[in-house]
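The values are calculated or read from the model by the stated rules, or taken from the named source; none is laboratory data. What you are looking at is a predicted structure, and each value in this text was computed from that prediction instead of being measured. Cβ: placed from backbone, ideal geometry, glycine included. Neighbour counts: every protein chain shown.
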Amino acid sequence: MFLEIVVLLLTALGFWNYLNTRRQKRMIDEAGIKGPVELPVLGNAPVLMMGESAKTMLDLVSRLIAKYGKNVKLTLLHEYGFITADVRMMEAILSSQQTITKNSLYNLLQYWLGNGLLLSTGKKWFRRRKIITPTFHFKILEQFVEVFDQQSAIMAEKLYDRADGKTVINMFPVACLAALDIIAETSMGVKINAQGEPDFPYVQAVKTVSSIMAERFVSPLQRFDETMRIFYPLLFRKLNRNIKAMHDFTDKVIAERRATLQKTLGESTQSADDEDVGSKRRMALLDVLLQSTADGQPLSNQDIREEVDTFMFEGHDTTTSAISYTLYLLARHPEVQARAFQEIVDVIGTDKAKPTTMRDLGELKYLECVIKESLRLYPPVPMIGRHLTEDVTLNGKRFAAGTNIILIIYNAQRDPDFFPEPEKFNPDRFSPENNGNIDVFAYAPFSAGPRNCIGQKFAMLEMKSTVSKMLRHFELLPLGEPVQPIMNLILRSTTGINMGLKPRTY
């Protein structure tokens with residue numbers, strides 16, 4: 001009797017799954033997208049994952065593309081869709097207003113980030129995008145350059161005791177603390193001194209949550225709250241405890257800044273040249289949000305926290321990855337490093353203590369090519385997820401509502417059809433003579449289309465400031481294990497991102 005009940009339940013589950021996915025399946029098949037054999041109900045993902053791990057995900061994706069083409073069918077339980085490294089398919093997805101909804105992978109971030117700019121969709125996303133865009137105005141970014149310079153100088157200073165030319169340094173955690181200091185001051189207007197006090201509770205909470213989230217994206221049993229609560233109860237409680245600590249800190253900052261703003265607006269009879277007004281010129285994201293309205297109403301503290309937390313998340317891990325990989329590539333390509341360093345000397349001079357200005361950063365053209373080529377080889381966000389909320393035609397093929405799509409940025413940016421010798425580190429690909437030949441959708445480390453990264457100018461200035469500061473102070477040496485990139489929401493390395501340092505004398 002028990003066996004019969006089990007068989008009946010499995011049959012019902014299979015029939016329910018068939019009814020829920022038959023349109024997606026039919027349209028994907030009609031589009032000519034193929035993939036590994038599918039098991040009833042389970043799909044083909046369990047077959048793909050046999051013998052694989054997070055460390056082999058990038059290699060697995062490359063193998064699938066080599067076998068099935070640039071679009072590969074991927075199914076798991078009731079979720080039906082495909083992965084794509086097809087640049088023209090990616091163009092259709094990224095450029096469409098109909099395909100801006102993120103897929104279920106991003107739900108893992110919901111409790112931390114709420115429904116802010118990263119996770120929201122539809123009207124809320126459009127409103128928030130409009131509100132936040134002024135934060136990245138040229139004049140505001142110019143104020144942030146001072147923060148970039150100050151914090152990168154602190155990072156360099158703290159590295160001197162290990163800069164003996166022999167010690168292997170993993171740059172990821174070092175760059176992470178500097179990025180946290182930068183993003184806290186520019187998004188919330190507060191100094192958390194992560195580099196001086198790495199044990200500060202908010203800093204530890206951000207690092208802990210980021211680490212656990214990284215693992216959740218590659219661990220099936222941690223993918224859902226229900227299974228994580230059962231199989232990893234202590235880790236689940238630790239995650240929620242640290243998220244609450246971050247929320248409490250952000251709420252406190254928001255409340256204090258709102259009270260200060262209201263007091264200032266109520267008492268302000270001072271001229272625009274007054275010191276108080278002058279100090280306000282460095283406007284943080286939080287200040288913009290506090291003075292913004294949606295449908296005529298001011299944003300609530302919870303609305304604001306969603307965006308501040310989103311900015312903290314997106315603005316520290318991504319730039320940490322980008323800065324670390326750029327320094328790694330420079331360390332292993334001394335001829336590129338020498339050319340970048342010479343440009344820095346020509347633009348900024350030989351005084352290591354001289355602050356870097358917005359104009360200086362704008363003139364570092366070759367360094368920008370170096371960073372762009374690093375972002376091509378090692379994009380901080382190696383994949384992007386989308387969920388179709390309606391039937392839509394993409395690149396001449398029709399797909400059904402409910403279809404999930406994963407865009408593999410990492411592989412698209414190594415496509416030999418768009419990048420000759422794709423594995424070669426060649427910054428001259430992005431020189432003024434060649435940059436016009438780069439396909440906008442083949443190279444999308446900041447995404448592309450209406451949902452591109454709103455902070456890409458901010459990020460590029462931060463990267464140029466930090467990398468140039470490191471090159472002014474140190475010769476980067478090829479020490480330590482090579483990187484082993486791991487596919488995640490953020491590109492990391494299982495072996496660290498290693499190099500050695502030697503003080504420069506000039």
Next item on the list: Considering only segment 201-217, state which residues are surrounded by fewer than 17 Cβ atoms within 10 Å (Cβ to Cβ) and within 19 Å of the chain's Cα centre (by Cα).
Entry: Ser211, Glu215
Notebook entry, point to check: Tell me, which helices (runs of 4 or more DSSP H) lie completely within segment 89-193 with 3 or more residues that are within 18 Å of Asp309 (Cβ to Cβ) and either in contact with a Ser or Thr (Cβ under 9 Å, 6 or more places away or on another chain) or not charged (D, E, K, R) (or both)?
Noted result: 110-113, 122-132, 171-187
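Taking segment 323-352 on its own, how many of its residues are part of a helix (DSSP H, G or I) and either loosely packed, with under 14 Cβ neighbours inside 10 Å or out of contact with any Ser or Thr (no Cβ under 7 Å at 6 or more places or on another chain) (or both)?
Result for segment 323-352: 18.
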Margin query: So in segment 430-459, with the set limited to residues that are more than 23 Å from the chain's Cα centre (by Cα) and outside any loop (DSSP other than H, G, I, E, B), which one is modelled with the lowest pLDDT?
Written below: Gly436
Checklist line | Single condition Gly362 does not satisfy, out of (1) of a type outside the set (Lys, Arg); (2) over 22 Å from Ile169 (Cβ atoms); (3) in contact with a helix residue (DSSP H, G or I) (Cβ under 8 Å, 6 or more places away or on another chain) | finding: (3)
Note to self: I'd like to verify a number: residues in segment 289-317 that are more than 18 Å from Leu118 (Cβ to Cβ) and basic (Lys, Arg), how many?
What the structure shows: 0
Check: If the Cβ limit is 6 Å and pairs must be 6+ apart or interchain, which residue in segment 29-45 that is of a type in the set (Gly, Ala, Ser) and surrounded by 14 or more Cβ atoms within 10 Å (Cβ to Cβ) pairs with which residue that is in a strand (DSSP E or B) and modelled with pLDDT of 90 or more?
Finding: Ala31/Lys397; Gly35/Val72; Gly35/Lys73
Note to self: Quick check on segment 4-58: of everything there that is outside any loop (DSSP other than H, G, I, E, B) and of a type in the set (Asp, Glu), which residue is modelled with the highest pLDDT?
What the structure shows: Glu30
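With respect to Asn434, determine if the residue is over 23 Å from Ile490 (Cα atoms), free of Cβ contacts under 8 Å to residues at least 12 places away in the same chain and either among the polar types (S, T, N, Q) or in contact with a helix residue (DSSP H, G or I) (Cβ under 7 Å, 6 or more places away or on another chain) (or both).
Here the answer is yes, as Asn434 does meet what is asked.
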Next item on the list: Only one of these is part of a helix (DSSP H, G or I), modelled with pLDDT under 90 and either in contact with a helix residue (DSSP H, G or I) (Cβ under 7 Å, 6 or more places away or on another chain) or closer than 15 Å to Met312 by Cβ (or both): Leu261, Leu265. Name it.
Entry: Leu261
Item checked: In segment 59-89, residue modelled with the lowest pLDDT [restricted to those that are closer than 18 Å to Gly35 by Cβ and in contact with a Phe, Trp or Tyr (Cβ under 7 Å, 6 or more places away or on another chain)] -> Leu74
Margin query: Just to be sure before I move on: is Thr495 buried (at least 20 other Cβ atoms within 10 Å of the Cβ) and either in contact (Cβ under 8 Å) with a residue 60 or more places away in the chain or in a loop (DSSP other than H, G, I, E, B) (or both) in the structure I sent?
Written below: no
Check: Got a number for residues in segment 439-475 being closer than 15 Å to Leu367 by Cβ and among the acidic types (Asp, Glu)?
Finding: 1
